[in-house]
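We did not get these values from a lab; they are worked out from the coordinates using the rules stated. Being a predicted model, the structure only gives us computed values, none of them experimental. Here Cβ is always computed from backbone atoms with ideal geometry, including for glycine, and neighbour counts include all displayed protein chains.
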Amino acid sequence: MGTLGRAIYSVGQLIRKTGQAVDRLGSHLQGGYIEEQLSRHRTVLNIFDKAPVIDKDVFVAPSAAVIGDVQIGKGSSIWYGSVLRGDVNIIRIGSGTNLQDNSLVHVAKSNLSGKVLPTIIGDNVTVGHSAVLHGCTVEDEAFVGMGAILLDGVVVEKNAMVAAGALVRQNTKIPSGEVWAGNPAKFLRKLTDEEIAFISQSATNYTNLAQVHAAENSKSYEEIEF
Amino acid sequence: MANLARFTNKALRTAYSITKHHAQPQLASSERAFATEAAKSITPSPDRVNWDYRGQRKIIPLGQWLPKIAVDAYVAPNVVLAGQVHVWDGASVWPGCVLRGDLNKISIGFCSNVQERCVLHAAWSSPTGLPAETSIERYVTIGAYSLLRSCTIEPEVIIGQHSILMEGSIVETHSILEAGSVVPPGRIIPSGELWAGNPAKFVRTLTHEETLEIPKLAVAINDLSKDHYHEFLPYSTIYLEVEKFKKSLGISV
């Protein structure tokens, strides 16, 4: 039965390819065919019945991909090239949070310790460029530096900072008000009050910046001017 | 009779709410409270664009600032240039990069290349007090997946793959940064040296032969980028067809 199924599949494939070749021939006769393809990238993609719920004030860059069971609260921004895959578990992102360019938020189905955790990101969190957040919890007003990698079960408490390039191993808890850095991530120093205030300021700055980008990206063909 | 109806209604309602609570996904109690609170306050917009046939635009002007690309620079169609970005002659920006010059200027010098999936950003101000623009001078090779933020890269440098250069760092001419190195804010990598690690530490000085290889690598990648460049026509015109079609049918996507 397997080989018969495969045979039928390949016959179907042959028929489709023939059809496409005939279409190309017809376009040639019409005088030149269009080779370019339109972009099929879907910014907001639902996996069967799990659809992302995104607040109307959120800037989602067109090249980002928000997939599956993801909820994004008001004023947040998902920047260019980021991927939020809520396919096997849920992702919750609070308000005023920004996930900067090329970052990845995901949860795996299988885990060495057997637990599968949702990824929960609080309010006013700044997640730097190219960060990788995998099955972790980031509480309000935390700062994840660029290029940081947070593995399963990591909890970044309020006002904590993960420095750039840090690799935070599984189930590490980063206490409030501390900076952890390095690979594997270790305690580096405590945050000064100034720096803690700066974190919430930067989240606000990013929300404003996101509005500028949102306005520009949502222009239709006629409105683009340069 | 009415009392009985009211009582059964109330019992049914409480029974229903209990079962609903139990049916929720297994989150820790604090997380559950957090999640449901967030869910209550999200108001999705009915006209959010879930799919735009144009994909992501390559050049995103912000206000007055328009990204400028030299005529013979190869910028992959996948790349996002936003704000004040200048890509000078012979430079190449490979697929997947994001160059966000929204807070400050970014410039890629002559014959330099920014390889795949890099993110170049410029902060508003640098901790060193110097101008916080990200400027990459000539003949620089920036390896894949690097993150550069408000740094100055002097001519003829190789930055290894997946390296992270933080605000205010300066990489002086003729030096090489190994792959995976993280340069803390405000650090200067002196001329002619090889640095590596997280945080970046001195490894050894470079021999003269190695120093001569650096611009050769940049030129080699420039040659390679010309092959890629020639695969694309200067601009695609399919969007014209689509817009005509949409207008004739009165569709708005």
FRET efficiency, B:ILE188 to A:VAL116 (Cβ-Cβ, R0 45 Å, nearest 0.05): 0.50
Of A:LEU99, A:LEU150, A:LEU29, the one that fluctuates the most in a GNM where chain A has Cα springs shorter than 10 Å: A:LEU29
Where Cα atoms sit under 25 Å apart: lysine pairs in chain A separated by 8 or more or lying on different chains: 16
R0 of 60 Å, Cβ-Cβ distance B:TRP124-A:ALA7: FRET efficiency to nearest 0.05: 0.40
For segment B:101-138 versus segment A:34-83, the gap between their alpha-carbon centres in whole angstrom: 27
GluC sites (Glu not before Pro) restricted to DSSP loop in segment B:173-244 with at most 14 other C-beta within 10 Å: B:GLU231
Descending principal axes extents, chain A, alpha-carbon based, whole Å: 71, 55, 30
Using alpha-carbon coordinates, inclination of helix A:2-31 to the longest axis of chain A, degrees: 80
Calculated FRET efficiency for the pair A:THR18/B:ALA70, C-beta based, R₀ 45 Å, to 0.05: 0.50
Selected from A:SER63, A:SER39, A:SER77 as most flexible by GNM, with chain A as the system and alpha-carbon contacts under 10 Å: A:SER39
For chain A, built as a Gaussian network whose Cα springs stay under 10 Å, the top-fluctuating residue of A:ARG24, A:ARG85, A:ARG169: A:ARG24
Inter-label distance for A:ARG189 and A:SER220, nm, one decimal - labels placed 7 Å from Cα along Cα-to-Cβ: 5.4
Cα shape, segment B:59-231, gyration tensor, a/c 1.5 rule: oblate
For segment B:99-156, convex hull volume per residue from C-alpha positions, Å³: 66
Cα pair count fraction exceeding 45 Å, expressed as % - the protein assembly as shown: 20
Antiparallel %, DSSP beta bridges [both residues in the protein assembly as shown], to 5: 10
Helix A:193-217 vs. chain A, principal-axis angle (Cα, 0 to 90°, nearest 10): 20
